[in-house]
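The values are calculated or read from the model by the stated rules, or taken from the named source; none is laboratory data. All values reported here derive from a predicted model rather than from experimental measurement. All Cβ positions, even for glycine, are placed from backbone atoms using ideal geometry, and neighbour counts span all protein chains on display. With ligands, DNA and RNA removed, areas are computed over all heavy atoms of the protein, side chains included. Shrake-Rupley method; radii C 1.70, N 1.55, O 1.52, S 1.80 Å.
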Amino acid sequence: MSLVRAESLKAYYITKAYGVERVVKAVDNVTLEVRENEILGIAGESGCGKSTLMKTLLGIVQPPLTVVGGRVVYTVDGKDVDVTAASPQELEGVRWRHVSYVPQGSMNVLNPVRRIKHTFRDFVAHRVQRMSQAELVKWAAEHLKSLGLPPEVLNAYPHQLSGGMKQRVTIALATLLKPKVIFADEPTTALDVIVQRGVIQLLSRIQREEKNSLVLVTHDMGVHAHLTHRIVIMYAGKVIEEGSTAKIFSAPQHPYTQYLIGSLPVIGDKEYRVSAPGNPPRLDRPLTGCRFVDRCPKAMPQCRQAAPALVETGKDHKVACFLVSPEEEKESA
Amino acid sequence: MPEQASLLSVKELSRVFILRSGLTRTRIAAVNRVSFELAAGRPEIFSIVGESGSGKSTLARMLLGLLEPSEGKIIYKGRDVTAIRRRRDRLAFMKEVQPVFQNPFDTFNPLKKVETYLYETVYNFGMTDNVREADRIIDDALRAAGLSLVEVKGRYPNELSGGQLQRAAVARALITQPSLIIADEPVSMMDASLRMSVVNLFKELKERLGVTVIYITHDLATAYYVSDRIVVMLRGNVVEQGPVEKVLAAPLHPYTRLLKESVPKPDPKDKWEGEVKLATSEGVEYARAGCKFAGRCPYVQDACIREAPPDVEFDGRIVKCHRVEEIASGTAQPAQNGSAPPEALRSPKAGSQAG
Ligand SMILES: Nc1ncnc2c1ncn2[C@@H]1O[C@H](COP(=O)(O)OP(=O)(O)OP(=O)(O)O)[C@@H](O)[C@H]1O
Ligand SMILES: Nc1ncnc2c1ncn2[C@@H]1O[C@H](COP(=O)(O)OP(=O)(O)OP(=O)(O)O)[C@@H](O)[C@H]1O
Ligand SMILES: [Mg+2]
Ligand SMILES: [Mg+2]
């Protein structure tokens, strides 16, 4: 069963400067689902729209970001809630309980002048029945303990904690209300490898114990390999491949995914690795055809005329590439 | 033997901080008697790796003249950097040695357009007074970093992705055509393909323009790929240094082995088993009288807790470890007490395999 669905979702940044409209198609016709009890990875190059997709799935859509097509649906207690049409109040009701998130760069979102316990208090203030300070501290301390964090951190200010500790505190906040789905945007980027390993262990333990779902956005394929069950590969605002983690790594079908997996440096191999030829297309230009065509070693004339549809090519494996299926993408309204 | 002319010579460099937490004050040597040489006329990529809080940025800030050392010397092209007083000399030094910092969102003022900082760099260093020439210089630098002026012009930092913004920061450092670039985690916000493009860019700068790059990173895979030599830092100390083909392909120090083992391999069939033992607080490790790794090392002995290990020259590198010979020969027995060591460290060979 799916907990969160995106249906033909289009989310663009629309800005006006000197009377000229600029439209960045950061999420362009994306359909995907987050299933029960899974770790779903979202991978792709910098700027391909991962954070934008995540924000839209969370209903955090503020100008210049605009949903111009499609919708996001949450299934809460068996009922569908259309997030794209929901009022801020309705959203507030489901956010943090149904979905919560650890934003990109979240180590820096802890209020620097407040002790961690006060951040916890601010966080639960409007969301939980009234609770005394003592009860709250006890609850927070127990939660931290269950995540392997010493309760003393509640008395600390953010600057007294290391980067890895701060990141674990933000994960603790995001999981406090036991949400069904946790979105984490680059939760281990910029952490050192040992602390990253600790955070990966923590996330995977939470998911195993709570049997909730985790959506992990990162461009680090090593982290995907270690943590996720399924992976969605994005390129220039579109999903170009989706499949089980094992499949994506052992038998990637889209030339971009093959490139992504094949070009990773490994210790012990110094052979010159060419950086990808060219750059991803600019998302503020009109685009037709496959977004990868200019960098694709197997590009065909057809690839310039229309975008390929994301089609099922095997069990739990979808690819958008004319080499695999001739079907063209249908545009949403 | 005639002494080789050096580009940068770092001698017994130290920096002490006082850490306050609650009522306790701890004195930590964030950089502790670090020495190395970068030769002139032999450009190289010199990596500095190590956990968070091991003193990498403190070292970098001293090398950039942004932080006063507590002890030791930094000699750049024969001149003592810490003794530079005149504004003109400082400017000349800054033009030669350019930084790239960790977080591009800190580098760029969120309220100013990205190009503002690039133009400021051009004008402040007196590269030109002519706007059109400035455009050309900036566009060249941006193109070298995989961007272009038209793409960047008019945009604010939050309108670029993290990776795009960091490439703009690398471009900014290239504007003055420096001899030495000190890049403090320049790729930590980037995806693999951009990482490769930036480290390949460093390679190119080294090979084509003779620029030496000090590359500070958590990413051991790109450090291996791009660098000639590497130093591994642990709580202020360099614990292993030498050619990267030795230090990373076949690490000897148990800490280097742990670092290498913790890199998540891009292969779902090759996952870690067992939980990693995380460092106790930084302060505790800094305060250790003996080896800073004693609390986590599978091979710990009494001597390791009592005395700081010596620098041992071994197999073409320098290793700060009491038991390096035994570890290298595979005869060192892991300590029996304490919690189980990470699995890579249980078998003496696992950490030393290439690939
Ligand atoms: N506020 C904004 N206004 C205009 N364009 C924006 C804005 N925020 C992001 N963009 C653009 O939208 C695209 C997608 O950005 P997004 O932050 O979603 O990428 P990402 O995949 O999360 O990248 P990264 O891996 O670097 O975090 C990029 O081209 C970016 O430049
Ligand atoms: N200005 C300062 N005052 C007090 N302590 C400091 C200061 N700057 C750094 N430190 C301390 O020195 C130690 C080394 O910090 P440093 O920033 O050099 O580490 P790093 O290796 O760069 O870490 P990271 O990988 O997180 O960037 C840390 O314990 C840090 O808290
Ligand atoms: Mg992002
Ligand atoms: Mg640092």
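Annotations for the structure displayed:
- Using θ = phi - 60° and Karplus 6.51 cos²θ - 1.76 cosθ + 1.60, couplings along the stretch A:211-226 (whole Hz; Gly, Pro as x): 6, 8, 10, 10, 10, 10, 9, 7, 9, 8, 5, x, 5, 4, 4, 7
- Span-like helix ranges in chain B, DSSP H, alpha carbon extent 18 angstrom or more, Kyte mean at least -0.5: B:131-144, B:162-174, B:192-209
- Violating pairs (Cα-Cα greater than 22 angstrom) within the set A:Lys25/A:Lys247; A:Lys145/B:Lys260; A:Lys55/A:Lys238; A:Lys25/A:Lys55; A:Lys247/A:Lys318; B:Lys73/B:Lys95: A:Lys25/A:Lys247; A:Lys145/B:Lys260
- The stretch A:72-88 and the stretch A:259-291 have their alpha-carbon centroids 36 Å apart.
- Whole-number D in µm²/s for the protein assembly as shown (Stokes-Einstein; Kirkwood sum over Cα pairs; 20 °C, 1.002 mPa s): 80 µm²/s
- Helix A:193-210 and the longest principal axis of the Cα set of chain A meet at an angle near 80°.
- Based on C-alpha pairs under 8 angstrom that are at least 6 apart in sequence, the stretch A:116-175 has a relative contact order of 40 percent.
- Listed residues A:Met131, A:Met234, A:Met221, most fluctuating in chain A (Gaussian network, C-alpha, under 10 Å): A:Met131
- The phi-based Karplus calculation (6.51 cos²θ - 1.76 cosθ + 1.60; θ = phi - 60°) puts the 3J(HN,Hα) values of the stretch A:25-42 at 8, 6, 10, 10, 6, 9, 10, 7, 9, 9, 8, 5, 6, 9, 10, 9, x, 10 Hz, whole numbers, x for Gly and Pro.
- A:Tyr235 long-range amide H proximity, modeled H, under 5 Å: A:Ile240
- DSSP finds beta bridges in the protein assembly as shown, and of those with both partners inside it, around 65 percent are antiparallel.
- The relative contact order of chain B, computed from alpha carbon pairs under 8 Å that lie at least 6 residues apart in sequence, is 18 percent.
- Per residue, the protein assembly as shown reaches -9000 deg cm²/dmol at 222 nm when only DSSP H runs of four or more residues are counted, each adding -39500 (n - 2.57).
- When the square roots of the Cα gyration tensor eigenvalues are ordered a ≥ b ≥ c, the ratio a/c for the stretch B:132-179 is 1.5 or more and a/b does not exceed b/c, which makes its shape oblate.
- When B:Arg229, B:Arg167 are compared by accessible area at a 1.4 angstrom probe, the order from most to least is B:Arg229, B:Arg167.
- Considering only B:Leu205, B:Leu160, B:Leu174, the mean-square fluctuation computed in a Gaussian network model of chain B, springs between alpha carbons under 10 angstrom, is largest for B:Leu160.
- Compared with the dominant Cα axis of chain A, that is its longest principal axis, helix A:133-146 is turned about 50°.
- 3J(HN,Hα) along the stretch B:268-274, derived from phi through the Karplus expression 6.51 cos²θ - 1.76 cosθ + 1.60 where θ = phi - 60°, amounts to x, 7, 10, 9, 5, 10, x Hz, with x in place of Gly and Pro.
- Largest-first ordering by accessible area, 1.4 Å probe, given options B:Leu258, A:Leu310, B:Leu111: B:Leu111, A:Leu310, B:Leu258
- With respect to chain A, whose longest principal axis is taken over its alpha-carbon atoms, helix A:116-125 is tilted by about 80°.
- A simple spin-label model places pseudo-atoms 7 Å from Cα toward Cβ; at B:Glu204 and B:Asp267 they are separated by 3.1 nm.
- Max mean-square fluctuation residue, GNM over chain B, Cα-Cα springs under 10 Å, options B:Lys320, B:Lys271, B:Lys56: B:Lys271
- When a 1.4 Å probe is rolled over the protein heavy atoms, the share of accessible surface on the stretch A:116-175 that falls to carbon and sulfur comes to 53 percent.
- Residues whose placed amide H lies under 5 Å from that of A:Ile39, excluding near-sequence neighbours: A:Leu214, A:His229, A:Arg230
- Estimated at the nearest 10 Å², the accessible area of A:Ile14 is 60 Å² with a 1.4 Å probe.
- Rounded Å value of the spacing that divides the Cα centres of the stretch A:218-233 and the stretch B:99-166: 32 Å
- Cα-based reach from A:Lys315 at 17 Å (exclusive), listing aspartates and glutamates while leaving out same-chain residues under 8 positions away: A:Glu33, A:Glu38, A:Glu241, A:Glu242
- Alpha carbon Rg of the stretch A:116-175, scaled by the compact-globule rule 2.2 N^0.38 Å: 1.04
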